[in-house]
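Below is one structure, written out as structure tokens; the observations come after it.
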Amino acid sequence: MATDESAVARSELRWTAVILATATVVFVAILYATLALHDQPPGHRETIDPTTMHIGGEFVEDNLGTSVGRDGGVTTRIVAAQFAFVPQCAVVPQGKPVTFRLASPDVIHGILVVGTNVNTMVVPGYVSEVQTVFAESGDYLMPCHEFCGLGHGEMIAYIRVVPSSQFNPDKNGKVGCGLR
Ligand code: CUA
């Protein structure tokens with residue numbers, strides 16, 4: 001039996017339809033994740049000198065932790081270094097936008113806050129910025145998730161989420177954790 005050209009063409013068209021439908025489903029899923037779930041790759045790019053960040057600027061030791069700006073915005077600054085986070089615990093308010101800003105003076109680290117969408121690498125030379133809203137109060141573990149050397153497994157911090165009635169900045173806008 002000779003090959004029926006039109007049967008081949010119909011088969012190819014059917015496969016074209018299947019592939020177009022698959023691509024459309026994937027595209028719609030990406031749009032949904034981006035627009036509805038706010039699930040998107042980090043778009044933030046900001047550089048910092050890892051050799052001088054401890055001497056001056058935003059990431060000096062007494063500027064770390066959580067502070068409330070004049071506009072009421074809550075920012076938590078954390079340094080990820082071999083092999084500890086500074087500070088080891090940070091307080092943030094429940095139900096309010098919180099901006100995490102992180103930097104590393106040595107090697108690549110990574111953080112995630114368990115049970116939330118906070119998950120980023122911390123690359124020396126760059127400031128990592130992530131925003132989130134904590135719906136529930138409580139202590140959230142924040143481990144380092146990027147192998148950074150022998151002490152990697154010891155790099156764990158806490159994010160302590162408290163009801164906004166218990167979130168009380170001092171006169172400088174700073175809020176401390178009170179280590180457990
Ligand atoms: Cu820092 Cu692993």
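By how many degrees, between 0 and 90 and to the nearest 10, does the Cα long axis of helix 5-35 differ from the longest principal axis of the chain? Tilt relative to the chain: about 20 degrees.
Packing here is the average count of other Cβ atoms within 10 Å per residue, and on that basis the peptides 50-59, 121-130, 21-30, 75-84, highest first, run 75-84, 121-130, 50-59, 21-30.
Near GLY115, once Lys and Arg are set to +1 and Asp and Glu to -1 for all other residues with Cβ below 15 Å from its Cβ, the sum equals -1. Near the amide H of ALA84, within less than 5 Å, lie no amide hydrogens of residues on another chain or at least 5 residues away, with H placed in the peptide plane.
Sorted on the mean count of surrounding Cβ atoms within 10 Å across their residues, most packed first, peptides 156-165, 85-94 read 85-94, 156-165. For region 67-132, the per residue solvent-accessible surface stands at 39 Å², with DNA, RNA and ligands left out and a 1.4 Å probe.
If you take the Cα atoms of region 9-79, find Rg, then find the Kirkwood Rh from the mean of 1/r over all pairs, what is Rg/Rh?
1.38
Relative to the globular-protein estimate of 2.2 N^0.38 Å, the Cα radius of gyration of the chain stands at 1.46. Taking 0.36 nm per residue of separation and subtracting the current Cα-Cα distance, fully stretching the chain between VAL18 and ASP62 would add 9.9 nm.
Have a look at the DSSP beta bridges in the chain and tell me what percent are antiparallel, nearest 5. Of the beta bridges lying entirely in the chain, close to 70 percent run antiparallel. Applying a 4.7 Å Cβ-Cβ cutoff to the chain leaves CYS144, CYS148 as cysteine residues with no disulfide-compatible partner.
Relative contact order of the chain, taken over Cα pairs closer than 8 Å and 6 or more residues apart, is 21 percent. Rolling a 1.4 Å probe over the protein heavy atoms of region 21-107, with every protein chain left in place, gives an accessible area that is 60 percent carbon and sulfur. The orientation-averaged shadow of the Cα convex hull for region 65-122, equal to a quarter of the hull surface, comes to 4.2 nm².
The values are calculated or read from the model by the stated rules, or taken from the named source; none is laboratory data. Fair warning: this is a prediction, and the values are worked out from it, not measured in the lab. Backbone-built Cβ (ideal geometry, glycine too); neighbour counts: all protein chains shown. Side chains included, ligands, DNA and RNA excluded: accessible areas come from the protein's heavy atoms. Shrake-Rupley method; radii C 1.70, N 1.55, O 1.52, S 1.80 Å.
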